[in-house]
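The values are calculated or read from the model by the stated rules, or taken from the named source; none is laboratory data. Because the structure is predicted, anything quoted here is derived from the model rather than measured. Methodologically, a virtual Cβ is constructed for each residue, glycine included, from the backbone with ideal geometry; neighbour enumeration extends over all protein chains shown.
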Amino acid sequence: MANKYRIPELDKLFEEVGIYRKSNDFRDLLNFVKRFPKMAPYNAMLVHVQKPGSQFVASAYDWAVKYDRKPKVGARPLLILRPFGPVAYVFELNDTEGAPFPEALLEPFKAEGDIPQSKLDAFVSSMLYERIIVNEQDYGSTMAGVVKAINEILDYKTLNKSERFNVLFGIALNRNLNPTEEMATLFHELGHVFCGHIYHQKAKWLPQRHFLSQNEREFEAESVCWLLCERLDIANPSAEYLSGYLNSNDEIPSISIDSVLKAVGLIESIMAGKKTPRKELLIKK
């Protein structure tokens, strides 16, 4: 089958100029993006492209209102994407002046430790909005989870009515895992879904990238899992895989960094409860 996948402009740029193809450069990017858990991962990457080593960024308005600081004369703004709009501009800490900056904000991780069962349950419920269903299986110790394309019909109940939706993907988790391990496994399997590794003819909003090699698919899914776990400061099962690969190989596989970062952002929006059911999959009565 012909490869009809359109390479994102950002990935084309990375390929043409060779940026982030080296293992050390890719490691630096991941470590940079994890330092900004309150910023969309895609925007963190844009900041890194423009000004590697940035400590803290905010808009001119936020610098003035929240921190009593302002951009220095001639300071160069950094471009990021704005929700429901084209672009916005932010300034890095060293390009501002004014009141002393709170040092505690330079270590922005929100230490959560283990994931409570209630948070895992809420996340699983929210995945129904993306037409993904999760169940548990009694797998052996070497099998954490698996995802596959399915065709099922699910009754979805809201406060006012009950609707029926097509469910397109199913994830099976090892029921012997604890909630934190289940969450990390979900991150990995969702990485496969949202990076477009699993073909489903009805999932037209997803990138169609099932033609990738197994090595490329696993590297992308592990990168998604690693970033999500690091930004939540929870146990990271992907750390050993990525560290081993990056230490042993000079270059990373031919992956889409664009797809990885967008997948992380989408999964984080699901966790935050910002998704609504996809109406195109509603079954009309």
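Taking the conditions (1) hydroxyl-bearing (Ser, Thr, Tyr); (2) under 25 Å from residue 200 (Cβ atoms); (3) at pLDDT 90 or above in turn, residue 126 satisfies each one other than (3). Taking every residue in segment 242-254 that is closer than 15 Å to residue 28 by Cα and pairing it with any residue that is in a helix (DSSP H, G or I) and among the acidic types (Asp, Glu), at least 6 positions away or on another chain, the pairs with Cβ-Cβ distances below 8 Å are 242/222. For first residues located in segment 126-148 and acidic (Asp, Glu), partners that are surrounded by 14 or more Cβ atoms within 10 Å (Cβ to Cβ) and not in a loop (DSSP other than H, G, I, E, B) and lie 6+ apart or on another chain with Cβ distances below 7 Å form the pairs 130/270; 136/173. Scanning segment 212-268 for residues that are surrounded by fewer than 22 Cβ atoms within 10 Å (Cβ to Cβ), within 17 Å of residue 147 (Cβ to Cβ) and under 9 Å from the mean Cα position of the chain (by Cα) turns up just one, 266.
Under 9 Å between Cβ atoms, which residue pairs at least 6 apart in sequence (or on different chains) link something in segment 88-108 that is at positive phi with a partner that is assigned to a helix (DSSP H, G or I) and aromatic (Phe, Trp, Tyr)? Once the first residue is at positive phi and sits in segment 88-108, its partners that are assigned to a helix (DSSP H, G or I) and aromatic (Phe, Trp, Tyr) give 98/63; 98/67. Residue-level check: of (1) over 19 Å from residue 184 (Cα atoms); (2) in a helix (DSSP H, G or I), residue 253 misses just (2).
Quick grid of which residues meet (1) out of contact with any Leu (no Cβ under 7 Å at 6 or more places or on another chain); (2) at pLDDT below 90; (3) more than 30 Å from residue 189 (Cβ to Cβ); (4) surrounded by 12 or more Cβ atoms within 10 Å (Cβ to Cβ):
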position	(1), (2), (3), (4)
36	yes, yes, no, yes
44	yes, no, no, yes
49	yes, yes, no, yes
65	yes, no, yes, no
78	yes, no, yes, yes
93	yes, no, yes, yes
100	yes, no, yes, no
118	yes, no, no, no
130	yes, yes, no, yes
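Considering segment 22-91, the qualifying helices (runs of 4 or more DSSP H), each wholly inside and each with 3 or more residues that are closer than 28 Å to residue 234 by Cα and of a type in the set (A, V, I, L, M, F, W, C), run over 23-34, 41-50.
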